[in-house]
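Report on the structure given below.
The values are calculated or read from the model by the stated rules, or taken from the named source; none is laboratory data. Note that the structure is a prediction, hence the values are computed from the model and not measured. Cβ placement follows ideal geometry from the backbone for every residue including glycine, while neighbour counts extend to all protein chains displayed.
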Amino acid sequence: MNYKMIVTDLDDTLLNSKGKISETDKFNIMKAQESGIKFVLASGRPTFAMRDLANELNLNKYESYILSYNGSIITNCKTNKNILSETLKVDEIHSLYDFSKRNNVEIITYLDDTIISENFSSYIEVEVELTKMPFEKVKNFKATIDRDCVKCIILGEPSYLKKVENKLKEEMGHKFSIAISKPFFLEVTKLGVDKGSSLLKLAELKNIKPEEIIAVGDSYNDLPMLKVVGHPTCVENAKPEIKEFCKFISTSNNNNGISKIIETFIF
């Protein structure tokens, strides 16, 4: 197959345990782009928290793309313009806040590249560290969130959060797209918005067929994009359920997993 696009998750997939792209992976990604492959970063991260990585990989030079907020926003790195933007309505965000209070979990969202919450915890600190974004602790979440936002994250202890996920899907699964990324992050976006649906829209714009795409992931929020591409792959450290779905299991995120995929299927 003549693949034309590679799309990869960031945390625990492209990025190693230090949050960096290995020099080997960087070299092979550049080489793939030079050969005409479109390279796409697809993450639950905010756009702000992906720009430096995109610049590191010269995505602007090769007109590659960012799918941020689990696919809620697609950015053309060459023009730095969004070609897709999907948001949650204010009343929807408020209903998620009410759900979080009833179930004793935390909730965050994003306003103007700032993380907003009424609380600060070790779980929220992880998001602040990952994204390098400003954090604002507010007295009244609902009063602060007075306009549409792209995404919410519900945060909690992993085993309890799985129960919360099931409950949220039962109560509001008809309203939102819901998926766990990290074990303590439950991500909520507009209904029908995920990495898979946005990737298909991008592929259509670029006249690329789904079977001409390689996707790489490790966790549950990657499953929608793995399901829609011709060649779903994962890193060795992926969740067991993700491994079962993939056609190829690469080396781990700490052992140049992306390079192994590029070397095997592109070069």
Candidates SER219, SER198, SER177, SER181, filtered to the one that is hydroxyl-bearing (Ser, Thr, Tyr), under 16 Å from GLU106 (Cβ atoms) and in contact (Cβ under 8 Å) with a residue 60 or more places away in the chain: SER181
Yes/no for ALA179 being modelled with pLDDT under 95, within 19 Å of the chain's Cα centre (by Cα) and not in a loop (DSSP other than H, G, I, E, B): yes
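Do we find that VAL229 is under 20 Å from ILE83 (Cβ atoms), in contact with a helix residue (DSSP H, G or I) (Cβ under 7 Å, 6 or more places away or on another chain), surrounded by fewer than 23 Cβ atoms within 10 Å (Cβ to Cβ) and of a type in the set (A, V, I, L, M) in this structure?
no
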Residue match in region 64-75 (condition: more than 21 Å from PHE185 (Cβ to Cβ) and touching an Asp or Glu at 6+ places or on another chain (Cβ under 9 Å)): no
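If you check ASP146 against the conditions, is it closer than 21 Å to ARG51 by Cα and surrounded by fewer than 14 Cβ atoms within 10 Å (Cβ to Cβ)?
Numbers: closer than 21 Å to ARG51 by Cα: no; surrounded by fewer than 14 Cβ atoms within 10 Å (Cβ to Cβ): yes.
Taking the combined requirement at face value, the residue does not satisfy it.
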Qualifying positions in region 5-20 - over 15 Å from the mean Cα position of the chain (by Cα), buried (at least 17 other Cβ atoms within 10 Å of the Cβ) and more than 13 Å from ILE262 (Cβ to Cβ): ASN16
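Which one of ILE258, ILE208 is aliphatic (A, V, I, L, M) and not in a loop (DSSP other than H, G, I, E, B)?
Values: ILE208 fails: not in a loop (DSSP other than H, G, I, E, B).
After ruling out the rest, the residue left standing is ILE258.
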Considering residues of region 212-255 that are in a loop (DSSP other than H, G, I, E, B) and in contact with a Pro (Cβ under 8 Å, 6 or more places away or on another chain) only, the residue nearest to LYS201 (Cα to Cα): VAL229
ASP113 vs. criteria in contact (Cβ under 8 Å) with a residue 24 or more places away in the chain and under 23 Å from PHE184 (Cβ atoms): yes
Exclusive hit being closer than 27 Å to VAL188 by Cβ and either assigned by TED's automatic domain parsing to the domain that holds TYR160 or modelled with pLDDT of 95 or more (or both), set GLU34, GLU106, GLU23: GLU106
Residue in region 206-216 that is in contact with a helix residue (DSSP H, G or I) (Cβ under 6 Å, 6 or more places away or on another chain), farther than 17 Å from GLU127 by Cα and surrounded by fewer than 20 Cβ atoms within 10 Å (Cβ to Cβ) present: yes
Among (1) within 26 Å of LYS142 (Cα to Cα); (2) modelled with pLDDT of 95 or more; (3) among the charged types (D, E, K, R); (4) within 20 Å of the chain's Cα centre (by Cα) - the single one ASP98 does not satisfy: (4)
Residues satisfying the stated conditions in region 154-174, i.e. surrounded by fewer than 16 Cβ atoms within 10 Å (Cβ to Cβ) and free of Cβ contacts under 8 Å to residues at least 40 places away in the same chain: GLU157, PRO158, SER159, LYS162, LYS163, ASN166, LYS169, GLU170, GLY173, HIS174
Helices (runs of 4 or more DSSP H) completely within region 29-143 that count 3 or more residues being touching a helix residue (DSSP H, G or I) at 6+ places or on another chain (Cβ under 7 Å) and surrounded by fewer than 22 Cβ atoms within 10 Å (Cβ to Cβ): 90-102
